[in-house]
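To start, the structure under review is shown below, and the notes come after it.
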Amino acid sequence: MSLKLYNSLNRKKEDFVPLNPSHVKMYACGPTVYNYAHIGNARMAVVFDVWARMLRYHYPKVTYASNITDVEDKIIVAAKEQGITISEVTKKYTKIYNDDMASLGVQLPDVQPKATEHIQEMIDQISALIERGHAYEAEGHVLFHVPSDPTYGALSGRTRDEQVAGARVEVAPYKRDPADFVLWKPSNEDQLGWDSPWGNGRPGWHIECSAMAEKHLGLPFDIHGGGADLKFPHHENEIAQSCCAHGNADDVTSFSKYWVHNGFVTVEGEKMSKSLGNFLLVHDLIKDHKGEVLRLALLSAHYRQPLDWSEQVLHQMQILLDKAYQKLLELVDVDVIDVDFVVPVLNALNDDLNTPLVIAELNKILKEQDGAELKSSLLKIGDVVGIFQEDPHDWFGDEMDGVSDEDVSKIEALLAERIEAKDNKDYTRADEIRDELLEMGIEIKDTREGTNWQKVS
RNA sequence: GGCGCGGUGGCAGAGUGGUCAUGCAGGGGACUGCAACUCCCCGUACAGCGGUUCGAUUCCGCUCCGUGCCUCCA
């Protein structure tokens, strides 16, 4: 079965047919770096990381580009608030973002372009738009003239008129048309600015991605992705800019052939927002949960569906991963053999990245397979989904944390005493010892191989 | 107001025109001195109303409910 994906451009699930099967190219809009990454940022990163891994499974060469937006007014605000420079803000949060994503098993994109390093490309593209009559200068701003683009609205399915009718922002007086959007805007001294044919200024947000995608992937490329909220206006504007800059206003696929959007994460059923103060940061969650647990939780709903974050989901993923790692631990000395990719899992992944189904199939595999076959299948799936990347010993290693050597000897002494008590059928004493251990925060389990113990929280 | 998305068993969450999702939680059982772990078994789920059909949770229409975007929020 071939790879299928849901193309936002025509709202249909389609067979993925690469422009060039020997080199597939994908771009996904990355974060604006002015704060810690939240779980919503993480969902985007994880989803497109899996897409990239899946594409690599199918095709010999994949270039995945995902940008860092390091020019934006919010960054300027953050710098002022924190009393540090703009570049200190962007540098700091870029590192935090990459570290946090790495903790979720997200591989660094092949290219991670930064907006500030592509100002010239943006200026060039804006110039081309002006030359072709799609943009104009007004009071130090350069604006894209929406009525000049006959196909504007193709992605979001809203016409210019509808957009104007629904607009809730005041229209700047210098705009020729209410729908026109900014390509370049003037900067004052304390704002970041670059020289341009239109004076000292900075780029609008949309032009950044257009310029960076073209520079690193060339046009057209295969897949463009991002969060669902970016569909309008960001992605709509990207299409307008990139197509019109090259005289391809009529062909919306002259920029990217497929468009993929991931759904939002809600918390307790509500959207994360500053006013509700319910932003969940990866930085915080990673303190209490393993990265792969968070990652799998982010993949527990289909990527296009909304995902409600809850402790229950985390609990379930923890159990599943523990179960799998337990098997991997038992099989640690077994050699990996060459196995076929488990068919139902491959089909699920091929079907527009149906990761919830993959999770269900994992449960079945854990029940139905064993030995080298199980280990090999698990690892093969893990490479695409981005799980089972840890050493099984390390996975369970944390459970020994905070238990000193002294405690260990004490525990073992008590266990030895308990075995003796059991042998003497002195179950009262045996149970006393169990309770004593429990008070120390140690839980024991009698198995056929003997008694195990572990720290409980 | 405009443009979308969704309503599946206690919960999470896939899927299908007519035999199974899966997991968590819950109930029962096996095992065990008892617990726990493990294993086995169980529960008349598809918002409502019409329509198409031999047959619809699955297709179409309407209603109700929830939710996202339209504000340089992933």
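Of all the listed residues (A:Leu299, A:Leu331, A:Leu307), the sole one being surrounded by 18 or more Cβ atoms within 10 Å (Cβ to Cβ) and without any contact (Cβ under 8 Å) to a residue 60 or more places away in the chain is A:Leu331.
Report whether or not A:Thr94 is away from RNA strand B (no atom under 16 Å from the Cβ), out of contact with any Ser or Thr (no Cβ under 8 Å at 6 or more places or on another chain) and hydroxyl-bearing (Ser, Thr, Tyr). When the stated conditions are applied, A:Thr94 does not pass them.
For A:Ser273, indicate whether it is part of a helix (DSSP H, G or I), of a type in the set (S, T, N, Q) and more than 27 Å from A:Asn354 (Cα to Cα). Don't jump to the end; show me each part of the working.
On the way: part of a helix (DSSP H, G or I): no; of a type in the set (S, T, N, Q): yes; more than 27 Å from A:Asn354 (Cα to Cα): yes.
So A:Ser273 does not fit the description; no.
Considering region A:279-298, the residues that are more than 10 Å from RNA strand B (Cβ to nearest atom) and part of a loop (DSSP other than H, G, I, E, B) include one that is farthest from A:Gln389 (Cα to Cα), namely A:His289.
Pairs linking a residue in region A:343-370 that is over 18 Å from A:Glu330 (Cα atoms) to a residue that is in a loop (DSSP other than H, G, I, E, B) and more than 9 Å from RNA strand B (Cβ to nearest atom), with Cβ atoms under 6 Å and 6 or more positions apart or on different chains, are A:Asn347/A:Met1; A:Asn350/A:Met1; A:Asn350/A:Leu3; A:Thr355/A:Leu299. Number of residues in region A:76-116 that are under 21 Å from the mean Cα position of the chain (by Cα), over 21 Å from A:Gly225 (Cα atoms) and hydrophobic (A, V, I, L, M, F, W, C): the value is 1.
The residues of region A:127-151 that are within 13 Å of RNA strand B (Cβ to nearest atom) and not small (Gly, Ala, Ser), listed by number, are A:His141, A:Val142, A:Leu143, A:Phe144, A:Val146.
Residues are listed down the side, and each one gets a yes or a no for (1) within 14 Å of RNA strand B (Cβ to nearest atom); (2) of a type outside the set (D, E, K, R):
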residue: A:Gln312; (1), (2): yes, yes
residue: A:His315; (1), (2): yes, yes
residue: A:Gln318; (1), (2): yes, yes
residue: A:Asp352; (1), (2): yes, no
residue: A:Lys364; (1), (2): yes, no
residue: A:Ala372; (1), (2): no, yes
residue: A:Asp383; (1), (2): no, no
residue: A:Gly386; (1), (2): no, yes
residue: A:His393; (1), (2): no, yes
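Where helices (runs of 4 or more DSSP H) fall wholly inside region A:2-120, the ranges with 3 or more residues that are buried (at least 16 other Cβ atoms within 10 Å of the Cβ) and of a type outside the set (A, V, I, L, M) are A:39-58, A:86-103.
Among what's in region A:239-270 and is surrounded by 20 or more Cβ atoms within 10 Å (Cβ to Cβ) and part of a strand (DSSP E or B), pick the residue that is nearest to RNA strand B (Cβ to nearest atom).
Residues of region A:239-270 surrounded by 20 or more Cβ atoms within 10 Å (Cβ to Cβ): A:239-245, A:252, A:255-262, A:265.
Narrowing further to those that are part of a strand (DSSP E or B): A:256-262, A:265.
Numbers: A:Ser256: 15, A:Lys257: 20, A:Tyr258: 16, A:Trp259: 13, A:Val260: 11, A:His261: 8, A:Asn262: 6, A:Val265: 4 Å.
Among them, the one singled out is A:Val265.
Scan region A:133-153 and give yes if some residue there is at pLDDT below 95, assigned to a helix (DSSP H, G or I) and surrounded by fewer than 16 Cβ atoms within 10 Å (Cβ to Cβ), otherwise no. Checked against the condition, which is being at pLDDT below 95, assigned to a helix (DSSP H, G or I) and surrounded by fewer than 16 Cβ atoms within 10 Å (Cβ to Cβ), region A:133-153 yields at least one hit. Looking only at residues of region A:299-310 that are in contact with a Ser or Thr (Cβ under 9 Å, 6 or more places away or on another chain) and within 7 Å of RNA strand B (Cβ to nearest atom), we find that the one that is nearest to A:Phe48 (Cα to Cα) is A:His302. All conditions in (1) away from RNA strand B (no atom under 13 Å from the Cβ); (2) surrounded by fewer than 18 Cβ atoms within 10 Å (Cβ to Cβ); (3) aliphatic (A, V, I, L, M) hold for A:Ala172, with the sole exception of (1).
When the residues of region A:198-232 are filtered to those that are in a loop (DSSP other than H, G, I, E, B) and touching a Ser or Thr at 6+ places or on another chain (Cβ under 7 Å), the one that is nearest to A:Lys257 (Cα to Cα) is A:Pro220. Residues considered: A:Asp370, A:Asp352, A:Asp426. Of these, the only one that is charged (D, E, K, R), closer than 30 Å to A:Tyr6 by Cβ and surrounded by 12 or more Cβ atoms within 10 Å (Cβ to Cβ) is A:Asp352.
The values are calculated or read from the model by the stated rules, or taken from the named source; none is laboratory data. Remember, it's a predicted structure, so these values are computed and weren't measured experimentally. With ideal geometry, Cβ positions are generated from the backbone for all residues, glycine too; neighbour counts draw on all protein chains shown.
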